Structure formats: structure tokens, C-alpha cells
1. So for the range 44-65 (the condition being modelled with pLDDT under 70 and not acidic (Asp, Glu)), does at least one residue qualify?
2. Enumerate the pairs (first residue in the range 28-40 and within 11 Å of ILE61 (Cβ to Cβ); second residue anywhere and assigned to a loop (DSSP other than H, G, I, E, B) and among the acidic types (Asp, Glu)) with beta-carbon separation below 8 Å, excluding pairs fewer than 6 apart on the same chain, so at least 6 apart or on different chains.
3. Cβ-Cβ under 8 Å, sequence separation 6+ or interchain: first residue in the range 44-64 and among the hydrophobic types (A, V, I, L, M, F, W, C), partner in a helix (DSSP H, G or I) and surrounded by 13 or more Cβ atoms within 10 Å (Cβ to Cβ). Which pairs?
4. Could you count how many residues in the range 1-15 are open to solvent by 70 Å² or more (accessible area, probe 1.4 Å) and either in a loop (DSSP other than H, G, I, E, B) or at pLDDT 80 or above (or both)?
5. Here are GLY18, GLY34: which of them is modelled with pLDDT of 85 or more, in a loop (DSSP other than H, G, I, E, B) and of a type in the set (Gly, Ala, Ser)?
Amino acid sequence: MDLSHLKAEKLERASDKGVYGINIQDNNILTDFGVKTDNMILCIPCNTKQMDKAILAAKWIIDNK
């Protein structure tokens with residue numbers, strides 16, 4: 001999945017493997033569900049057990065901005 005068009009940044013005080021986040025503030029799909037997205041960052045930890053499902057969920061949220 002190509003995420004090069006997204007602004008991502010490494011969060012400080014993260015483990016050596018790093019934690020990266022994607023800004024999803026004002027995401028329409030989330031606000032339609034009543035989620036307040038002020039300063040919201042989407043993160044998937046590197047040790048996620050179901051990475052394939054996490055990526056699909058992230059892609060769905062990002063594609064429905």
C-alpha cells in the first residue's frame with residue numbers, strides 16, 4: 001500500500017522500533033460516526049498481532065477522508 005502521499009512523523013519517546021502516525025484530523029468517515037477528531041493521529045504499533053486487518057482498517061479510514 002502506497003502511503004507516500006500522507007504526512008507521517010515519528011513520535012518522540014517511542015521505542016527503538018519507532019511509532020509512526022498519520023494525521024486523520026477532520027476525517028469525514030470518523031466524524032460521520034460522531035468521533036471527535038481534533039488532533040487525532042492514526043497509529044499501528046509494530047507488534048500488532050493482526051497487521052493485515054489493521055492495514056485494511058487504516059486504508060479504509062484514509063481513503064474515506
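The values are calculated or read from the model by the stated rules, or taken from the named source; none is laboratory data. Just so it is clear, the structure is predicted and the values come from calculations on it, not from any experiment. So basically every Cβ, Gly included, is an ideal-geometry build from the backbone, and we count neighbours across all protein chains shown. Heavy atoms of the whole protein, side chains included, go into the accessibility calculation; ligands, DNA and RNA do not. Shrake-Rupley method; radii C 1.70, N 1.55, O 1.52, S 1.80 Å.
1. Within the range 44-65, one or more residues are modelled with pLDDT under 70 and not acidic (Asp, Glu).
2. Note: pairs meeting the criteria are THR37/ASP26.
3. Pairs found: ILE44/ALA54; ILE44/ILE55; ILE44/ALA58; TRP60/ILE29; ILE61/ILE29; ILE61/LEU30.
4. 7
5. GLY34
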